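Heads up: the structure comes next, in structure tokens.
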Amino acid sequence: MHNKTIADLAKGLRSGEFSSVELTQSFLDRIKQHSSLNSYITVTEDLALQEAMAADGRLAKGDAELLTGIPMAQKDIFCTQGVKTTCGSKMLDNFIAPYDATVVEKFNNAGAVMLGKLNMDEFAMGSSNETSYFGVVKNPWDTNTVPGGSSGGSAAAVAARLAVCATGTDTGGSIRQPAALCGITGLKPTYGRVSRYGMIAYASSLDQGGPMARSAEDAAIMLQTMAGFDEKDSTSVDQPVPDYLAGLNNDLEGLKIGLPKEFFGEGLNSDVAAILDAAINEYRKLGAEVKEISMPNLKLAIPAYYVIAPAECSANLSRFDGVRYGYRCENPADLTDLYTRSRGEGFGKEVKRRILMGTYALSAGYYDAYYLKAQKVRRLISEDFKNALSEVDVIMGPVTPGTAFGIGEKIGNPIEMYLSDIYTIAINLAGVPAMSVPAGFVDCKPVGLQIIGNYFAEDRLLNIAHRYQQVTDWHQQTPKGFE
Amino acid sequence: MSLTADDVKKIAHLARLGIDSQDVESYAKDLSGMLDLMTQMNDIDTDRVIPMAHPMDQVQRLRPDVVTEQDNREKFQAIAPQVEAGLYLVPKVIE
């Protein structure tokens, strides 16, 4: 059962081949069996079985949607009413969310079954899931390597078939990079497409929630539920949501693909480059035209991001002060001591590093040199995307410079860790949508192909990914021991 | 550009962020490394570029000035570290 797609499971639930309770129980058993991956922070067993029972009721009444009764899991950054929501941090280890995130509410309304809350880098700051207070997640393809991050628990759980699908969030690559390293399909939608309400903020002008699934079709089903205007999110975009399934099989004849030469230069592992070449050749066979393009400002994405994201993070995380919720230090001497020690004891090292960086970049005398400069560079990067996407339909390239790296390999060197997001960060600065699609393996480790589209072109991206998945089976591979 | 241990302590104070004294040097080193990375941005002229704060360049949406939220005080205070009579308690501020 656990290897089926959402569409197949929906059929099985309707034909009576299995019930949602049986399906849910089989996933709960698998989660227990493979708990050493550490992909879940909280497993909501009782709640899941209750939701599955309710879903079976809806199915019996003929009142079900595609996701009704499907066991999935939420990244622990989404608030879930009555269920611990930690954001991977000691700061929120005791936090029971008093309300549901809009994304969670939408999955609940669709009748999806929540198996639990997934592990992640602390406050979504990290590229390896090693900054989580709840411990590192292991990559099911090679348990000595990281699953990527920050949505590492989501990617590992979907790859290991410990959930049919999962939510993720992406501020600088946090859906796409773990999806690539774990061999699953991930989509970061256009900024503003999916509500941020109840999604714990890291960098508000970059954060975006999205689907992580086995296939583009499953991602399309999830996005159909997740996307849409929400008046509770002040930057939600009021634009109609298309039918993401309707165009999945559209012809790719004449599709114009741009390959930025800046994506294929120094720094890209040559075996990964060969896999991307093969994937792009598949698109040629499907009728696409391929041309080289140039995006000269891409190289400035990392420096601009590491000003803007920490600046926004330092402002957002000032709410964690030990007063209203979350961790509070023991016996504070005075108010300053309460703030300083609660934050000092509640946050981990990477979060502190980014708060310090952001505080510095926003402090008097440095604002123009760093923050304003970075915002100007952000404009130039975004214009590179606008220019490129007026010439071609989509941009393709790598998601990561190499395959999954070893646990402990980069955690001691933050700058090196930051550079592992070199191909994903610019997309968030521009706000355009992008996907990671499984495209092959190097030494039994998955490689992802990145497909970047124009604003609100999620339907086109899903179509392009789906057609590729019709002629390849990389996305159907299962890690050894998890079949 | 490099930051000293004293700079780090000053920034940590601005952020009301406790950091272990044995970590100060490593933060100074990491932040200096990040600032080095940022100097790359100085290679291009941005004098006439308009800063971009938001991908959609949109302004804040306005709404009618009416009450939409319910009173959830009890629910929110149920997860607070210390409350009394509907108030959040902190150490004494005024002697």
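Numbers below:
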| quantity | calculated |
| --- | --- |
| Number of the exception - A:ASN413 against (1) touching a Lys or Arg at 6+ places or on another chain (Cβ under 8 Å); (2) open to solvent by 40 Å² or more (accessible area, probe 1.4 Å) | (1) |
| Tally, over the range A:184-201, of residues that are within 11 Å of the chain's Cα centre (by Cα) and among the aromatic types (Phe, Trp, Tyr) | 0 |
| Matching residues, the range A:141-155, being open to solvent by 10 Å² or more (accessible area, probe 1.4 Å) and either part of a loop (DSSP other than H, G, I, E, B) or at pLDDT below 95 (or both) | A:TRP141, A:THR143, A:ASN144 |
| Some residue of the range A:283-291 being among the basic types (Lys, Arg) and more than 28 Å from A:GLY402 (Cα to Cα) | no |
| 2 or more residues within 11 Å of another protein chain (Cβ to nearest Cβ), under 21 Å from B:VAL8 (Cβ atoms) and touching a Ser or Thr at 6+ places or on another chain (Cβ under 6 Å): qualifying helices (runs of 4 or more DSSP H) within the range A:281-397 | A:301-316, A:349-362 |
| Set A:LYS291, A:LYS299, A:LYS285: member being at pLDDT below 95 and open to solvent by 10 Å² or more (accessible area, probe 1.4 Å) | A:LYS299 |
| The range A:104-124, residues that are in contact with a Lys or Arg (Cβ under 9 Å, 6 or more places away or on another chain) and either assigned to a helix (DSSP H, G or I) or within 13 Å of chain B (Cβ to nearest Cβ) (or both) | A:GLU122, A:PHE123, A:ALA124 |
| Options B:ASP47, B:ASP30, B:ASP7; residue that is in contact with a helix residue (DSSP H, G or I) (Cβ under 6 Å, 6 or more places away or on another chain), within 9 Å of another protein chain (Cβ to nearest Cβ) and not polar (S, T, N, Q) | B:ASP30 |
| Residue in the range A:164-183 that is at negative phi, of a type in the set (Asp, Glu), outside any loop (DSSP other than H, G, I, E, B) and more than 13 Å from the chain's Cα centre (by Cα) present | no |
| Residue tally, condition within 11 Å of chain B (Cβ to nearest Cβ) and part of a loop (DSSP other than H, G, I, E, B), over the range A:404-432 | 4 |
| Scope the range A:105-139; condition touching a helix residue (DSSP H, G or I) at 6+ places or on another chain (Cβ under 8 Å), charged (D, E, K, R) and within 17 Å of A:MET226 (Cβ to Cβ); matching residues | A:LYS106 |
| Flag if B:LEU35 is surrounded by 15 or more Cβ atoms within 10 Å (Cβ to Cβ), at the interface with chain A (Cβ under 7 Å from one of its Cβ atoms) and farther than 30 Å from A:GLN239 by Cβ | no |
| Selection status of A:LEU9, open to solvent by 40 Å² or more (accessible area, probe 1.4 Å) and not small (Gly, Ala, Ser) | no |
| Filtered residue count, the range B:46-95, keeping only those that are of a type in the set (S, T, N, Q) and over 25 Å from the mean Cα position of the chain (by Cα) | 4 |
| Looking only at the range A:371-400, and only at residues there that are hydrophobic (A, V, I, L, M, F, W, C) and closer than 20 Å to A:GLY358 by Cβ, the one that is surrounded by the most Cβ atoms within 10 Å (Cβ to Cβ) | A:VAL377 |
| Pair list, Cβ under 6 Å, 6 or more apart: the range A:249-265 residue closer than 17 Å to A:HIS466 by Cα, other residue open to solvent by 90 Å² or more (accessible area, probe 1.4 Å) | A:LYS256/A:GLU289 |
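Let's see how each residue does on (1) surrounded by 10 or more Cβ atoms within 10 Å (Cβ to Cβ); (2) touching a residue at least 60 places away in the same chain (Cβ under 8 Å); (3) more than 9 Å from chain A (Cβ to nearest Cβ); (4) out of contact with any strand residue (DSSP E or B) (no Cβ under 8 Å at 6 or more places or on another chain):
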position	(1), (2), (3), (4)
B:HIS54	yes, no, no, yes
B:VAL66	no, no, yes, yes
B:PHE76	yes, no, no, yes
B:ILE79	yes, no, no, no
B:GLY86	no, no, yes, yes
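The values are calculated or read from the model by the stated rules, or taken from the named source; none is laboratory data. Since this is a predicted model, take the numbers as computed values, not measurements. FYI the Cβ positions are ideal-geometry reconstructions off the backbone, even for glycines, and counts take in every protein chain you see. We work out accessible area using only protein heavy atoms, side chains counted, and drop any ligands, DNA or RNA first. Shrake-Rupley method; radii C 1.70, N 1.55, O 1.52, S 1.80 Å.
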